[in-house]
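Novice: There's a structure below that I have some questions on.
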Amino acid sequence: MSILRCEALTRTYPSGGREITVLRDITFEHEAGRILAVTGPSGSGKSTLLGLMAGLDRPTRGRVILDGRDLGALSEDQRAQMRAETVGFVFQSFHLIPTLTARENVQVPLELRGEDGTARADELLQRVGLGDRGHHYPAQLSGGEQQRVAVARAFANRPKLLFADEPTGNLDAANGRNVVELLAELNRELGTTIVLVTHEPELAARAHRVLRLRDGAVVEDAALATAGRATA
């Protein structure tokens, strides 16, 4: 069953009196519960595509159907509400709130919904291997630990779909592998659909499908038979 469909997505921006086309006629759909990796060189349109799929930006032409809803037909408030209820995010920069502990950072999405997120935060921190670090502030955590807190926070509201933009980009090789394993594990255990932008071959290899962009267009759409397998 498709959870995400993009139809003829095109995004242009004005620049110096002319239009620059960043994405052109992107069409595909993605099955629920699977990992999709979007790859390509810098400037190929990966992050722009992610922003359109997540409803953070609007296409110049085309449309995005997310969990059965046409994002273009929703108001800004409705799109924000849908993201709060349906979507999780992990970014290259961890975006943790420095004045909150790890536990409090994970609780934020739940508290915004009026829920007491203490038990859920503790459960998720345990799941990402930080059960004993919940009282630490971001400055007291390593980069790899901060990204694991960010992953826990992204799963706090039990999203149907997680968008990850270069989630290993600020990590060393060892911590990057840990985050790769964590995302694959959570996908297997929780069935969360994951769409990730990456230039890391190791991370892309853990996906069920790879969409490769170049100059704003899809140049390869490949299913991977090795998806989910442990890496050496």
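Readers should treat all values here as calculations from the given coordinates under stated rules, not as data from a laboratory. Keep in mind the model is a prediction, meaning the values are calculated, not measured. With ideal geometry, Cβ positions are generated from the backbone for all residues, glycine too; neighbour counts draw on all protein chains shown.
Novice: Excluding D116 itself, what net charge comes from residues whose Cβ is under 14 Å from its Cβ, given Lys and Arg +1 and Asp and Glu -1? Walk me through the numbers on the way to the answer.
Specialist: On the way: positive: R103, R113, R120; negative: E104, E111, E115, D122, E123.
With Lys, Arg at +1 and Asp, Glu at -1, the neighbours total -2.
Novice: Which value, in debye to the nearest 20, gives the size of the charge dipole of the stretch 1-120 about its Cα centre, when Lys and Arg are +1 and Asp and Glu are -1 at the Cβ?
Specialist: Numbers: 15 positive and 15 negative charges, 82 e Å.
The dipole magnitude comes to about 400 debye.
Novice: Kindly put D221, D57 in sequence by how many other C-beta atoms sit within 10 Å of each C-beta, fewest to most. Intermediate values should be presented prior to the final figure.
Specialist: Working: D221 12, D57 15.
Starting with the residue having the fewest Cβ neighbours, the order is D221, D57.
Novice: Something else: What's log10 of I(q)/I(0) for the stretch 2-223 at q = 0.07, 0.14, 0.17 Å⁻¹, Debye sum over Cα points only, no solvent?
Specialist: The Debye formula, applied to the Cα set alone, gives -0.22, -0.86, -1.21.
Novice: At 7 Å along Cα-to-Cβ for each site, give me the label-to-label distance between R58 and D215 in nm.
Specialist: Placing both labels 7 Å along Cα→Cβ, they lie 3.0 nm apart.
Novice: Also, I was wondering about something else. Explain nothing, just the number: dipole magnitude of the chain about its Cα centre with +1 on each Lys and Arg Cβ and -1 on each Asp and Glu Cβ, in debye rounded to the nearest 20. Write out the running numbers ahead of the final one.
Specialist: Numbers: 28 positive and 30 negative charges, 81 e Å.
The dipole magnitude comes to about 380 debye.
Novice: Work through the residues other than R158 whose Cβ is under 10 Å from its Cβ and net out their charges, Lys, Arg +1 and Asp, Glu -1.
Specialist: Details: positive: R120, K160; negative: E85.
Computed value for this residue: +1.
Novice: Using Cα pairs under 8 angstrom and six or more residues apart, how large is the relative contact order of the stretch 2-223, in percent? Mind showing how you got there, number by number?
Specialist: Values: 425 pairs, mean separation 63.4, N = 222.
Taking the mean separation of contacting Cα pairs over the length of the stretch 2-223, I get 29 percent.
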